[in-house]
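Undergrad: Mind having a look at this structure? Questions to follow.
Here, each number is a calculation from the coordinates, and none is a lab measurement. Everything quoted here is computed from the prediction, not taken from an experiment. Reconstructed Cβ throughout: ideal geometry from the backbone, glycine too, with neighbour counts over all protein chains shown.
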Amino acid sequence: MTPAIFLGAARYRRPSYGANHPLGIPRVSLTVDLLEAYGALPEVEYRDSRPAADHELAWFHDRDYLRAARRIEATERASAEDRRRWNLGNFENPAFKDFYSTATLATGASIQAAEAVIHEGRVGFNPAGGMHHAAPDQARGFCYFNDPVLGILRLRQTGWRVLYVDLDAHHGDGVENAFAEDPAVLTLSLHMDTAKGYPFAGGGLADWGRDSGEGYALNLPMPAGAHDDDFETALATLWPWVSDRFQPDAVVMQAGTDILLPDPLSRFRVSTQAFLRMVERIRADSAPRLVVTGGGGYHPIALARCWAGLWAQLSGRGLPEKLPPRGRELLEAVDWDLDEDEDWFEDLFQSRLDPPQSGPVHPEVSEALAWLRSHHPLLQPAGKAAEAAP
Ligand SMILES: [Zn+2]
């Protein structure tokens, strides 16, 4: 048995979101094609995604919201009231053709990935998932349904404690909020300061929960321009703290690629290989009790290179750095020229890795880590956690 399964769907080859939307780019399909060019996605490791059932969506989402989304898909019409109440049918969360059934497929696959862990002891990778902003009764930030929440809830049905780690450039607010009352789920998120980026609130160092709920969260806003050493130092410091203190039975990793250097929506400078080293740290400690989802990532070429490398790690195979000729052709055929004047643009087609983005660790990062170490209740010596109040 192979150690991991890849959850895909032919559906992802159809256009979605709309041509001018940041997600109106090839993502899962390009990753699959690149892996096939490498000969790294055999049929036995690939599984078709199944849609999430209504009762599964209702573990987290309001029935009225689900009904409204189904109606909007069927009538292909969202009213002003739909836009206001459900945040559906606007530019951010467009009601593109079959948006509901496409989103339920991406959502069901995170539940399947959890079940692959529970029943088969295999890591599940759902690159179409990672929709970490969706709220119970609203679409948010391009996310219709919160598949990481549903995957975690499926793992929770076994009684397992779950650590959620969010590498996406944006704060994993929807997942954090979902588990504010659950002490058996810990969320860890590294992201853009929400004073300057989506979702524009929360996710601060001192936002660790427990003011009304039972659960903790751990958040680390990263400075603009944060590079390989910033992110790797942060994760290398935080990961042993949270995994030792929390002792999870399973890990859910959201692997959005928008922290990568070429990404047009964030302001970080992380190389593909640094991203993959962070993934490896988490994988080595967690597999096979590991669910991996996709997430943000708005540069199709950078994303496909990165997720191809991610899959190689999860499935236990080496992948040459040099792109195979067919893979290079595929990437060159993508309709994308936003950054063709950048000096690294040509590199994107030579190798699946990047020039390293090293540098001295930003003082904001070291200071934030030291502050968390001395203030975050979860990281205090045993017995003190109960006394510490936000
Ligand atoms: Zn993001």
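Undergrad: Grab the DSSP H runs of the chain that are 4 residues or longer, score each as -39,500 (n - 2.57), total them, divide by all residues and round the 222 nm result to the nearest 500 deg cm²/dmol.
TA: -11000 deg cm²/dmol
Undergrad: Efficiency by 1/(1 + (r/R0)^6): what FRET value for A10 and D337, r their Cβ-Cβ distance, R0 = 22 Å, to the nearest 0.05?
TA: 0.20
Undergrad: Same structure again: Classify segment 58-207 from the C-alpha gyration tensor, please: rounded if a/c falls under 1.5, else prolate or oblate depending on whether a/b exceeds b/c.
TA: In terms of gyration-tensor shape, oblate.
Undergrad: Also: Counting pairs of alpha carbon atoms under 8 Å apart in space and at least six apart in sequence, what relative contact order in percent does the chain give?
TA: 18
Undergrad: Sticking with this one: Please compute the net charge surrounding A58, taking Lys and Arg as +1 and Asp and Glu as -1 over other residues with Cβ under 12 Å from its Cβ.
TA: Net charge around A58: -3.
Undergrad: How far is it, in nm, from the label point at T158 to the one at R63 when both lie 7 Å from their Cα along the line to the Cβ?
TA: About 3.1 nm separates the two model spin labels.
Undergrad: Does the chain come out rounded, prolate or oblate, given a ≥ b ≥ c as the square roots of the eigenvalues of its C-alpha gyration tensor, rounded meaning a/c under 1.5 and, failing that, prolate meaning a/b above b/c?
TA: rounded
Undergrad: Where is the GNM fluctuation largest for the chain (alpha-carbon springs, 10 angstrom cutoff): T158, T237, T293?
TA: Among T158, T237, T293, the largest GNM mean-square fluctuation belongs to T158.
Undergrad: A further question follows. May I ask for the net charge around G296, where only other residues with Cβ less than 11 Å from the Cβ of G296 are counted and Lys, Arg are +1 while Asp, Glu are -1?
TA: Summing Lys/Arg as +1 and Asp/Glu as -1 gives -3.
Undergrad: Using amide H atoms built in the peptide plane, which far-off residues or other-chain residues are under 5 Å from M131 H to H?
TA: The answer is D147.
Undergrad: Of P26, P136, P320, which has the largest mean-square fluctuation in a 10 Å C-alpha GNM of the chain?
TA: Ranking P26, P136, P320 by mean-square fluctuation puts P320 first.
Undergrad: Please work out whether segment 273-312 counts as rounded, prolate or oblate from its C-alpha gyration tensor, where a ≥ b ≥ c are the square roots of the eigenvalues and a/c under 1.5 means rounded, while otherwise a/b larger than b/c means prolate and anything else oblate?
TA: Since a/c reaches 1.5 and a/b is larger than b/c, the shape of segment 273-312 is classed as prolate.
Undergrad: For a quick check of your reading of the filter: which GluC sites (Glu not before Pro) in segment 105-182 sit in a DSSP loop and have no more than 16 other Cβ atoms within 10 Å?
TA: Taking segment 105-182 and a limit of 16 other Cβ atoms within 10 Å, the loop GluC sites (Glu not before Pro) found are E181.
Undergrad: Within segment 54-127, which trypsin sites (Lys or Arg not before Pro) sit in a loop by DSSP and count at most 14 neighbouring Cβ atoms inside 10 Å?
TA: Here the trypsin sites (Lys or Arg not before Pro) that fit, given the DSSP loop and packing criteria, are R77, K97.
Undergrad: If you don't mind, another one. In the neighborhood of A274, defined by Cβ-to-Cβ distances under 9 Å, what is the net charge if each Lys or Arg adds +1 and each Asp or Glu adds -1?
TA: Result for the local shell: -3.
Undergrad: Still on this model: Could you work out how far apart the two model spin labels at A74 and R267 are, taking each label as a point 7 Å from the Cα in the direction of the beta carbon, and quote it in nm?
TA: 4.6
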